[in-house]
Each structure stands twice: as structure tokens, then as C-alpha cells.
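**Q** Take a look at this one; I'll ask things after.
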Amino acid sequence: MEFTRNNRQLLSKIATNDRHGENSPYFDGWKAYDSNPYHPTHNPRGVIQMGLAENQLCFDLIEKWILENPDASICTAEGVDKFKDIAIFQDYHALKEFREGVAKLMGRVGGNRVIFDPNRIVTSGGATGANETVMFCLADPGDAFLVPSPYYAGFARDLRWRTGLDLVPVDCKSSDNFRITRAALEEAYEKAQRSNINVKGVIVANPSNPLGTVLDKETMRSLVSFVNDKNIHLVCDEIYAATTFSSPRFVSIAEIIQDMDCNRDLIHIVYSLSKDMGFPGFRVGIVYSFNDDVMNCARKMSSFGLVSSQTQFLLAAMLNDEEFVGNFLRESSKRLAKRHHAFTKGLERVGISSLKSNAGLFFWMDMRPLLKEQTVKAELELWRVIINKVKLNVSPGSSFQCSEPGWFRVCFANMDDQTVQVALERIREFVLQGKEEDDVSEKSKHWRKQNLRLSFSSSSRLYDEGLMSPAHMISPHSPIPRSPLVRART
Amino acid sequence: MGLLSRKATCNSHGQDSSYFLGWQEYEKNPYDEVENPQGIIQMGLAENQLSFDLLESWLAKNPDAASFRRDGQSIFKELALFQDYHGLPAFKNALVDFMSEIRGNKVKFDPSHVVLTAGATSANETLMFCLAEQGDAFLLPTPYYPGFDRDLKWRTGVEIVPIQCTSSNRFQITAAALEEAYQEAQRKNLRVKGVLVTNPSNPLGTTMTRDELDLLVNFITDKEIHLISDEIYSGTVFSPPAFVSVMEVLKDRNLGKTQVWERVHIVYSLSKDLGLPGFRVGAIYSNDPIVVAAATKMSSFGLVSSQTQYLLSAVLSDKKFTKEYIAKSRKRLQKQQSKLVAGLGKAGIGCLESNAGLFCWVDMRHLLSSDTFEAEMELWKRIVYDVKLNISPGSSCHCSEPGWFRVCFANMSEDTLKLAMQRLKSFIGSMAVNDRSHQELKNSRRKFRTKWVFRLSFQSFHDREQDER
């Protein structure tokens, strides 16, 4: 509409730029899923969704608890006497019982090595809101944060878009098992300084998305000493903490600083219930800062994204049920381990390896041997083959700013057991079929034939924005497919 | 280099102001009918607590909505996973119908133009991020909701330039005041991006007249800027004139296919009309697809909990219920407001005639020791400490005239309201006995008020005395 063009000049730069990162060429690939989603009976040859990091393995436990605890809802006969008080509760300090429940959960997930203070818990609109809020507190427009790659695609929006900050990637290499080395940190920092970029801190996700690994104590100590030396901040996004399903155990940064001489004003934790509990719809984000000024500021800013009091009330009851929480965490770990094992072992049998991991809702699959050449272009070509021929929606490493082509993030916790089998079978078939054709040129012809005529921009364009984040890989999102709730009403 | 951001260390959030003294005092000594009958009565909180029984009885009749069930089946998993920033379609559909109903069905809203946000707080900030940036300003008529200082300016870097409104014409917006504000912004080297009004007004409790709305539409058309109408109190209009939304005006003037249509945005929320501030349900309504697209992405930072969306989609889809609720709520608000007005009247205190909102704009100018904001603060402290009522001084709302106070009435029972009025009456009575000469002096000064008041604010009482002598 003509007016739209004229009116566009009257909007802010933020509203009209692309720094939210959601306009991505990857969107094309997702249409294949949306138009052909797998269903065991209605569409058994459809595309299986493996690009969504959701934890769907333990809803049965939650649903049972809800049935047994009707007074946790302010709307049921058992709980309605609290309706009014909760409905008017908009205090940005959040419900005391809710904070206590979250603090207990965080402590437990950290192996009971740390006690988290409920009075330090600040809520926010999901980890999305928490990360943005922390950035607003710590840095000014034009400042930058170091972030080890590969990293969660949503950081481009959450940390940069409205805050005006920049991200400086710290490249981690497969030769190091993608460890964050002091050398890499120093190099990234120095490079930034030379370009007059004011680095205010480092942000890491532990456990890592997309790697699925936990940080070892040595790396964490090295991070703490690095930020201490430079007098910059360390933000630890621990959103996947309780998805750790085997050893080594998850160690919170809170535990590390207990035994280290460091400036605690530099240390901040972001947490959420979206992955550990599987509640992304409830928008529970947490900022836990050891810096009083940041805590107070974040608390005031939480007004822009408070957790619904109805939800706080329900979750307070749930999280304070220590027996339930203990049982849930144990069961969840078990199921995640089993699922992870099924996939990684299944892939190993057909010669596909993945990064050794013990956490997260995904694993980091190594498809480098199957690349025509070690380039992003080849990675994306392979990606399209996987979507269109193998009919699995996985996420290419380039969308996580991985410096090495050929890695893919594969989610495993958002489907039932039967779908797991189907997915594994498809991968097996694909790999074995590929192996049957010994001739390398034949192989590449075969793959080229399979490519769909999708629009594709060159790798240089992909790097222009400094980000490649398809809508599906960042939360919250416009999900593809649409959830049944959306389908039912539209 | 500072360790924290400028935003973290500045005062733009506005929460260190001395007005919070009243709140602190209340927290220390809150009134309770049984436990603490001598405590401070909270009249500074614009909450609607008069109709919870209606919601509670609806819940009793609708157990499915209460417990994550639809047609008897559990949908917990789907809700727990639902984080689509386009929002639950059933909820958006029900919400636009509700908004329409409140406006007497004179306007229809398109659900695809709605962006859900965590409260109007988030909606207003998000709109600022979409429409303006550092170096820009929005014009706001005074007096205005104190929270705007934080919501519109803090993290966005946008400035507010006031449109001065006065009691001489019931604080209505005039063309001259609009123009003056615009010029003031220019003088400050600020680029005016739009006007933001609250309709019905907080703190005035009045609905905007059609003339004012026409004036605004003409102004933004002429200047090619935006208009944001925060209609958070639209469902609290309890007596005539009926609420007229800016959307209605645009429709009536056939501006539907013009540029200005895309520059008018509405903010809404269920915090006041339904009394559910804890649930954080806000919405932006815009006819500009770019704004809707950008705001939708930004809503990621503060979505409405899916649990809450589901509950409210069921509530608002029950048209029989919403009709009944709106009617009963209005009646109760009207009754309570008239009790407040009558009670104030008995204490010799008048207020701005109002037909909406959860508060009255009370005129205590005659009780000031001098026509200054210092005197207003003095009086306010007496009311908090001696009368034990927490009310909001006009200066916290950037009112240009000292002596006005916002007094809330919808967050308490009839009995508590009665008690509050009794306390006020006693206080006024005792003031009269003790300060009779003071009173006479004030009365004589009152005659000078209309001539001098705007130019002489901030002069102390003693200075004034000397001048007049």
C-alpha cells in the first residue's frame, strides 16, 4: 500500500531494520515441513520436525500432578478463594512462594552445591526477556558482548535488536571439541579492541545450545578469571541446566564463584522453565545477578515482562512440591538419556558420528564426511537434501554461526518413541543408499538431482547480516507447523 | 568505562521519586478492617476490585477453562508448548469482540491487527520502540499517568513533551496547547513523532469529547505524526457521555483509506476493565502492517502466558457473560464513584465531574497554604500521615496547577470508602477550627488564583504575601 511506504519513514529504525534476524533464507526450507508435516497415520511420509528444541518427554508427570493438585489453580473450586488476590497481584518482586520454588529448583539442578537466594530471583518474559533485560542493564548502544560460537540463533535478536549492542563471536573448533579456550577469548577481545569495539562482557550458554555439552570446571574458572582480568561481565544462560542427563554433572557458575576470588558484581545467571520443565508457553524467565544494582534494575525492568500471576501461583505450588520435583528431574534425565542414546547409537551404526554430549534437547551431528566440499554452500545443499529427500527437518550449523561447515543440530525430545524409530530408519536408508554409490562424482550428481528448486542466496549474503536465524530456531516464534491450538481455531 | 549501562544508573525509571513515600507509609501501616482499623487506607491504587464475584461465579460454572481442559480433554501439553507470538487465535478473536462490545459495537476490530503484550506497560514501551528513538518526542496532555515516564522514555530514549491542560476548561486539550507543545519540542531540538493520549483519562476520569478527538486527528494529519490512544479504561465508562474511541472518529470521517489511518494506534489491557492486572494482558492495535509485524516480533520479550490466554479466551468468548459483566461493573463503579463524590462534598471538597475510570480528580486547591507545589506536598503529607489516606498528588501526574489529587475508589469496599470519607471530613473540620485565620487568608487569595496561578507557581507563601502587599 502506497501509504505504507510513506509512513515507513515515520517509524523507528528498530522497527524497519532486520536486526531481529527473522528474515532468513532458511525460511524457504521450512515451507517443506509446513506443507508436509509428518503424522504416523495421516501422513507417514511427511517431514519429521527435528528443528524444534522442545522438551515433550514428561508431560504425563505434570498432568498427573495437576489433576492431583486442583488447588494449584486459582480457577478451580479448590483454589478460587485465592483468585482475587492473585488476579490483582502485579508486584514486580513476584510471588514469594514462586521465587522460593524457583530458587529450590535451581539449587537442586545445580546438584545442591549452591543455595540460591529467593530474594535475588527476578522474573522476566521468558529467557528471551531475561537476556534482553540483562543487556539493557549492563551495556549501552554500540557496546558489544563476546559469544562463543556456535550459539543459539535467537541471541541475535535478544541481545542486539532493541539494545543496540553488537555480538563478537569467539570461534570454537571441533578439534578442541568446541571448547572455549582462553586463547580464543583473548584473541576475540583483542580484535574487538583494535576495531574500537567496547566489549562489556561475555555471554555463554551452559549447557550449550546447539552443542548439548556442559562446561567443565576448568573452562568456567578460566572464563571467570578472564572477565575478572578485563573487568567485564559474565552472563551464563543456564536454561538447559536440568536437561543434563549423564555425567559430567552440570555445574552452575554460582558454584564456581563460591570457591574463587572474583568480583561477584560481574556474574549474572539467566534461567527459565521452558526447557527443563517443558513450559515455553508460560513465559517464565529468571534473572539471577550477584550484582545488587543489576538485580534492582532488572527487577524494575521486569515490569515490561512479568510472569502472569496465575502462572506464578500454579508453578509455585508445583516447584515447592519437593517430592514431585525430585521425581520429575530424575525421570526427565532418564528419558532424555534414553532418547539421546537411541539416536546417537542409531546414527553410529550407519557411520554418522556426533559430538559427545550429555545435556540439551538435541545433539550436534557431524555430517562433514558427506559434504561435497567443506563450505557453507555445500552444507546448505546437504541440508536441503535432508529436508526434501530424507524428510527430516534439522538445523544447519551455519545458522548457529558455526565456523566449520557440516554440523547439524538435531532435536530429539519433541516427538514420541514411534517417530524416533521412523526418523532413525530414514537416516539409515539415506546413508546406506549414499554408500552404495561408490563413485564420488555419481554421489554428488545424485545429491544435486535431489535438490529442490529453492531460492538460495550466496553465502556472502548470509553473512551480511551476521546472522542466520530461521523463525523455527528461536523462541518464541511463529512455529512451523502451527500448533494444534492454532489449527483448531483458524 | 562504567560497569553498568547508563539506563541502569540513571533515574529515568522514575521510581526513586519522593511520591513513593506514601506507598512506603502504606506498606508499613496498611489499613485492615479487623487487624488494623487505624491503618492507612490505600486510595492511590487504580484497581478495579468491585466485580470479582462475577468472574468467580463464571469460573465455578466453567471448570474446563479452569483446568487446562477443552471438551473434557486435557490440553495442558499444547498450552505449555504454545509460544507462538501471534497469540492464541481464539483469544484474539474473543478480545476484539470484547473491545467492540465496550464501544457499543460502533467499531469492529480485526484480530490480525492485534499484538498481545505483557500488560499495557509492555504495549506502550513496544509502540515507542516501533515509532520513535533517541532524539524523538511524544506529546502528552497533562496531567498524565506517572508510569508513562518509565514506560515511554526509560529504555527507549524517547522524550515526553507535555501538552499543558488547565482547569479553566476542565483540562481538555486545546489547539493552542497542542501547538505550543509542538513548538516547545522544536525548541528542545526534539523531533515530534506523535501524540499519546489516555482515553478515558487517567487521572481525570473523563472521556474525551468528539471535538477533542477531531482536533487530535486534524493535528496529527497536519503534522504527519502518530496518535496513540491508550484506551485501557474504556470499559470503565459508567455514565454519559458514552465512550468514543478514536477509531470511531476515523470511521465516521471516512478516513479508512488514508495515510492517517495507519498512524493511529490503540493500546488496551484487561487490567482495569476486568480487574486482572496480575495476569499481564495487554494489546496493541494498529492499522500499519509494518508496526504490527515489528511489534509482534518485539512481543517475544513479554508474551502473555498461554495458560492465561486460554482462560481468558473462554471467559471473553462467553458473550452472555461479557454483556452482563460490562453492565454490572459499570453500575457498581458508578455507585462507588457517587459515594466518593458525595463524601468529598460533605467535607467541602469538590472534584472534576467524571464519568469513567477508577478514581476522581479531586480539587483541594482551597486547602493549600499557598498556591505552590511545595504546599501541595505539605498537604499531601498531612493526608498520608494525619488523615491516613494514601492519595496521589497532582504533581506526580505532571499537573500544571497545584492542589489537585487523584483519589481511587474502586479498590475498596463501601464501608472502607465510608470510613475514608469520615476521616477526611474530620480532618477538614479540625483544620477549620485550628486554621481559621489561615483559611480566611486562603479564601482571599483564591480570588487572585485565576489571574496569577500559572505564572506564580513555586513562589513560597511568604514571597507571595509580600508581593500582594
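**Q** State which residue is surrounded by the fewest Cβ atoms within 10 Å (Cβ to Cβ) when the search covers only segment A:223-269 and only residues that are within 14 Å of chain B (Cβ to nearest Cβ) and touching a Lys or Arg at 6+ places or on another chain (Cβ under 8 Å).
**A** Residue satisfying both the conditions and the ranking: A:ILE232.
**Q** Another question, then. Only one of these is more than 22 Å from the chain's Cα centre (by Cα) and closer than 30 Å to B:GLY275 by Cα: A:ASN296, A:ASN327. Name it.
**A** Testing whether each residue is more than 22 Å from the chain's Cα centre (by Cα) and closer than 30 Å to B:GLY275 by Cα leaves just A:ASN296.
**Q** Please work out which one of (1) in contact with a Ser or Thr (Cβ under 8 Å, 6 or more places away or on another chain); (2) buried (at least 24 other Cβ atoms within 10 Å of the Cβ); (3) assigned to a helix (DSSP H, G or I) is the condition B:ASN124 fails and give its number.
**A** So the condition that B:ASN124 fails would be (1).
**Q** Got at least one residue in segment A:398-410 being surrounded by fewer than 22 Cβ atoms within 10 Å (Cβ to Cβ), more than 14 Å from chain B (Cβ to nearest Cβ) and assigned to a strand (DSSP E or B)?
**A** Scanning segment A:398-410, I find no residue that is surrounded by fewer than 22 Cβ atoms within 10 Å (Cβ to Cβ), more than 14 Å from chain B (Cβ to nearest Cβ) and assigned to a strand (DSSP E or B), so the answer is no.
**Q** Among the numbered criteria (1) closer than 30 Å to B:ASP273 by Cβ; (2) free of Cβ contacts under 8 Å to residues at least 60 places away in the same chain; (3) surrounded by 20 or more Cβ atoms within 10 Å (Cβ to Cβ); (4) of a type outside the set (Val, Ile, Thr), which one does A:ASP85 miss?
**A** (3)
**Q** When you go through A:GLY164, A:GLY111 one by one, which is the residue that is within 24 Å of the chain's Cα centre (by Cα), farther than 21 Å from B:SER122 by Cα and in contact (Cβ under 8 Å) with a residue 24 or more places away in the chain?
**A** Step by step, each of A:GLY164, A:GLY111 is checked, and only A:GLY111 is within 24 Å of the chain's Cα centre (by Cα), farther than 21 Å from B:SER122 by Cα and in contact (Cβ under 8 Å) with a residue 24 or more places away in the chain.
**Q** Hey, any hits in segment A:418-432 for a residue that's within 18 Å of A:PRO44 (Cα to Cα), assigned to a loop (DSSP other than H, G, I, E, B) and either touching a strand residue (DSSP E or B) at 6+ places or on another chain (Cβ under 9 Å) or modelled with pLDDT of 75 or more (or both)?
**A** Taking every residue of segment A:418-432 in turn, none turns out to be within 18 Å of A:PRO44 (Cα to Cα), assigned to a loop (DSSP other than H, G, I, E, B) and either touching a strand residue (DSSP E or B) at 6+ places or on another chain (Cβ under 9 Å) or modelled with pLDDT of 75 or more (or both).
**Q** Being of a type in the set (Val, Ile, Thr) and closer than 14 Å to B:GLN307 by Cβ is the filter here; which residues of segment B:37-95 pass it?
**A** B:ILE75
**Q** Return yes when A:GLY101 is away from every other protein chain (no Cβ under 11 Å) and surrounded by 20 or more Cβ atoms within 10 Å (Cβ to Cβ) and no when it is not.
**A** yes
**Q** Name the residues in segment B:229-279 that are surrounded by fewer than 20 Cβ atoms within 10 Å (Cβ to Cβ) and either touching a Cys at 6+ places or on another chain (Cβ under 9 Å) or not basic (Lys, Arg) (or both), would you?
**A** B:SER239, B:PRO240, B:PRO241, B:ALA242, B:GLU248, B:ASP252, B:ASN254, B:LEU255, B:GLY256, B:THR258, B:GLN259, B:TRP261
**Q** Quick check on my filter: what residues within segment B:222-259 are away from chain A (no Cβ under 14 Å), closer than 25 Å to B:ALA185 by Cβ and not acidic (Asp, Glu)?
**A** B:SER229, B:VAL246, B:VAL249
**Q** Sort out which residues of segment A:105-150 are among the hydrophobic types (A, V, I, L, M, F, W, C) and farther than 27 Å from B:SER299 by Cα, and write them in order of number. Step through it out loud before you land on a result.
**A** Initially, segment A:105-150 is screened for residues among the hydrophobic types (A, V, I, L, M, F, W, C), giving A:105-106, A:109, A:114-116, A:121-122, A:127, A:130, A:134-139, A:144-147.
Answer for segment A:105-150, where residues must be among the hydrophobic types (A, V, I, L, M, F, W, C) and farther than 27 Å from B:SER299 by Cα: A:LEU105, A:VAL109, A:VAL114, A:ILE115, A:PHE116.
**Q** Taking B:GLY157 as the residue in question, decide whether it is farther than 17 Å from B:THR308 by Cβ, surrounded by fewer than 20 Cβ atoms within 10 Å (Cβ to Cβ) and at the interface with chain A (Cβ under 9 Å from one of its Cβ atoms).
**A** Yes: the conditions hold for B:GLY157.
**Q** Same structure again: Look through segment B:54-68, keep the residues that are more than 9 Å from chain A (Cβ to nearest Cβ) and out of contact with any strand residue (DSSP E or B) (no Cβ under 8 Å at 6 or more places or on another chain), and return whichever of them is surrounded by the fewest Cβ atoms within 10 Å (Cβ to Cβ).
**A** Our first condition is that a residue be more than 9 Å from chain A (Cβ to nearest Cβ); within segment B:54-68, this holds for B:54, B:57-58, B:61, B:64.
Add one more test, that the residue is out of contact with any strand residue (DSSP E or B) (no Cβ under 8 Å at 6 or more places or on another chain), and what stays is B:54, B:57-58, B:61.
Working: B:LEU54: 17, B:SER57: 12, B:TRP58: 19, B:LYS61: 10.
For segment B:54-68, the residue satisfying everything is B:LYS61.
**Q** For the subset of segment B:340-355 comprising residues that are assigned to a helix (DSSP H, G or I) and under 21 Å from the mean Cα position of the chain (by Cα), which member is surrounded by the fewest Cβ atoms within 10 Å (Cβ to Cβ)?
**A** First, the residues of segment B:340-355 that are assigned to a helix (DSSP H, G or I): B:340-346.
Next, from what is left, pick out any that are under 21 Å from the mean Cα position of the chain (by Cα): B:340-341.
Values: B:LEU340: 22, B:VAL341: 18.
My answer is B:VAL341.
**Q** Okay, next question. So which of A:PHE412, A:PHE362 ends up being in contact with a strand residue (DSSP E or B) (Cβ under 6 Å, 6 or more places away or on another chain) and modelled with pLDDT of 95 or more?
**A** On the way: A:PHE412 fails: in contact with a strand residue (DSSP E or B) (Cβ under 6 Å, 6 or more places away or on another chain).
Residue meeting the stated conditions: A:PHE362.
**Q** How many residues does segment B:300-341 contain that are facing another protein chain (nearest Cβ under 10 Å), touching a Gly at 6+ places or on another chain (Cβ under 8 Å) and small (Gly, Ala, Ser)?
**A** Selection size over segment B:300-341: 4.
**Q** Restrict the check to segment B:303-314 and report whether at least one residue is touching a strand residue (DSSP E or B) at 6+ places or on another chain (Cβ under 7 Å) and within 30 Å of A:GLY164 (Cβ to Cβ).
**A** yes
**Q** If you scan segment A:35-57, which residues turn out to be closer than 20 Å to B:GLN83 by Cβ and either surrounded by fewer than 19 Cβ atoms within 10 Å (Cβ to Cβ) or of a type in the set (Ser, Thr, Tyr) (or both)?
**A** Passing the criteria: A:PRO37, A:GLN56.
**Q** What tally of residues in segment B:270-293 results from selecting those that are touching an Asp or Glu at 6+ places or on another chain (Cβ under 9 Å) and either on the phi < 0 side of the Ramachandran plot or assigned to a helix (DSSP H, G or I) (or both)?
**A** Residues flagged as touching an Asp or Glu at 6+ places or on another chain (Cβ under 9 Å) and either on the phi < 0 side of the Ramachandran plot or assigned to a helix (DSSP H, G or I) (or both) within segment B:270-293 amount to 11.
**Q** Continuing with the same structure: Here is a list of conditions, (1) within 14 Å of chain B (Cβ to nearest Cβ); (2) under 22 Å from the mean Cα position of the chain (by Cα), and A:PHE343 meets all of them except one; can you say which number that is?
**A** (1)
**Q** Could you tell me whether any residue of segment B:210-226 is buried (at least 24 other Cβ atoms within 10 Å of the Cβ) and aromatic (Phe, Trp, Tyr)?
**A** No, because not a single residue in segment B:210-226 is buried (at least 24 other Cβ atoms within 10 Å of the Cβ) and aromatic (Phe, Trp, Tyr).
**Q** In segment B:69-101, which residues are among the aromatic types (Phe, Trp, Tyr) and at the interface with chain A (Cβ under 7 Å from one of its Cβ atoms)?
**A** From segment B:69-101, those among the aromatic types (Phe, Trp, Tyr) are B:76, B:82, B:85, B:91, B:98; that's our starting set.
Residues satisfying the conditions are B:PHE76, B:PHE82, B:TYR85.
**Q** Right, B:GLU401: free of Cβ contacts under 8 Å to residues at least 40 places away in the same chain and either surrounded by 23 or more Cβ atoms within 10 Å (Cβ to Cβ) or closer than 22 Å to B:THR206 by Cβ (or both) or not?
**A** no
**Q** Next up: How many residues, within segment A:281-302, are touching a residue at least 40 places away in the same chain (Cβ under 8 Å) and surrounded by 24 or more Cβ atoms within 10 Å (Cβ to Cβ)?
**A** Looking only at that region, the number is 12.
**Q** A further question on this structure: Which one of B:GLY44, B:GLY22 is touching a Gly at 6+ places or on another chain (Cβ under 7 Å), at pLDDT 90 or above and more than 11 Å from every other protein chain (Cβ to nearest Cβ)? Full working, then the answer.
**A** Numbers: B:GLY22 fails: at pLDDT 90 or above.
One residue alone meets the criteria, B:GLY44.
**Q** Among B:ALA175, B:ALA90, which is the only one that is within 22 Å of B:LEU316 (Cα to Cα) and either of a type in the set (A, V, I, L, M) or surrounded by fewer than 24 Cβ atoms within 10 Å (Cβ to Cβ) (or both)? Walk me through how you get there before you give the answer.
**A** Working: B:ALA175 fails: within 22 Å of B:LEU316 (Cα to Cα).
That would be B:ALA90, the only listed residue that is within 22 Å of B:LEU316 (Cα to Cα) and either of a type in the set (A, V, I, L, M) or surrounded by fewer than 24 Cβ atoms within 10 Å (Cβ to Cβ) (or both).
The values are calculated or read from the model by the stated rules, or taken from the named source; none is laboratory data. Note that the structure is predicted; figures quoted are calculated from it, not measured. Positions of Cβ are generated from backbone atoms using ideal geometry, with glycine treated the same way; all protein chains shown enter the neighbour counts.
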